[in-house]
Amino acid sequence: MKFLPYLILILFFSAQPELSAQPEYLVFGKGGGLAGGVTQYRLLSSGKVYKGSGMVDVLYAQKGKICKSDAKKILEDLKNLPDTTFNHPGNVYYFIQFPGDTADIRYTWGDPDYQVPDALNELYRISTDQVARLTYKTLKNPLK
């Protein structure tokens with residue numbers, strides 16, 4: 001009977017997959033310019049999209065949704081990105097970030113002196129096309 005509370009916890013968390021495992025996600029957007037603000041999107045494997053903006057800390061204040069299969073396809077396309085990091089921001093910069101095994105992996109570009117890898121550019125284009133068509137709802141409690 002000593003193990004009963006542990007068994008209940010294990011059963012509870014296994015029945016709640018969103019609590020026991022971090023969902024796959026992709027963060028992408030653009031920032032910089034005169035104002036230095038950032039607009040970014042957080043796309044979950046479920047298709048949920050959170051839109052945020054800010055100067056230093058991004059606050060996600062809007063929510064939308066794309067088709068789950070489109071979200072899975074975009075996340076699958078992460079495998080086609082270059083194995084090396086790409087960090088060449090410009091005054092206006094673009095970025096893609098996602099969780100790696102030990103730390104987040106981030107690609108940043110915008111410096112016209114550096115050629116953006118085709119796979120990176122294509123993933124960004126497809127992702128932004130998907131979220132540009134959405135109608136967003138304002139969140140009552142914005143997320144960080």
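The values are calculated or read from the model by the stated rules, or taken from the named source; none is laboratory data. This structure is a prediction, so every number in the text was calculated from the model and none was measured. Cβ: placed from backbone, ideal geometry, glycine included. Neighbour counts: every protein chain shown.
Hey, any hits in region 128-135 for a residue that's surrounded by fewer than 15 Cβ atoms within 10 Å (Cβ to Cβ), part of a strand (DSSP E or B) and touching a residue at least 24 places away in the same chain (Cβ under 8 Å)? Taking every residue of region 128-135 in turn, none turns out to be surrounded by fewer than 15 Cβ atoms within 10 Å (Cβ to Cβ), part of a strand (DSSP E or B) and touching a residue at least 24 places away in the same chain (Cβ under 8 Å).
Restricting attention to region 63-75 and to residues that are in a helix (DSSP H, G or I) and touching a helix residue (DSSP H, G or I) at 6+ places or on another chain (Cβ under 7 Å), the residue that is surrounded by the fewest Cβ atoms within 10 Å (Cβ to Cβ) turns out to be 70. Any residue in region 29-49 that is more than 13 Å from residue 60 (Cα to Cα) sitting within a Cβ distance under 9 Å of a residue that is surrounded by 14 or more Cβ atoms within 10 Å (Cβ to Cβ) and of a type in the set (Asp, Glu)? List the pairs, counting only those 6 or more apart or interchain. Going by the 9 Å Cβ cut-off, the qualifying pairs are 44/24; 45/24; 47/70.
The selection criterion, being of a type in the set (Val, Ile, Thr) and either surrounded by 13 or more Cβ atoms within 10 Å (Cβ to Cβ) or part of a strand (DSSP E or B) (or both), holds for residue 138. Does at least one position in region 101-110 carry a residue that is outside any strand (DSSP E or B), crowded, with 16+ Cβ neighbours inside 10 Å, touching a strand residue (DSSP E or B) at 6+ places or on another chain (Cβ under 8 Å) and not polar (S, T, N, Q)? Checked against the condition, which is being outside any strand (DSSP E or B), crowded, with 16+ Cβ neighbours inside 10 Å, touching a strand residue (DSSP E or B) at 6+ places or on another chain (Cβ under 8 Å) and not polar (S, T, N, Q), region 101-110 yields at least one hit. None of 103, 119, 132, 61 is in contact with a Gly (Cβ under 7 Å, 6 or more places away or on another chain) and not β-branched (Val, Ile, Thr) except 61.
Conditions tested, residue by residue: (1) in a helix (DSSP H, G or I); (2) at pLDDT 95 or above; (3) more than 20 Å from residue 129 (Cβ to Cβ); (4) hydroxyl-bearing (Ser, Thr, Tyr).
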| residue | (1), (2), (3), (4) |
| --- | --- |
| 13 | yes, no, yes, no |
| 22 | no, no, yes, no |
| 28 | no, yes, no, no |
| 41 | no, yes, no, yes |
| 77 | yes, no, no, no |
| 93 | no, yes, no, yes |
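Taking the listed residues 124, 60, the one that is surrounded by 17 or more Cβ atoms within 10 Å (Cβ to Cβ) and either within 11 Å of residue 26 (Cβ to Cβ) or of a type in the set (A, V, I, L, M) (or both) is 124, with no other qualifying.
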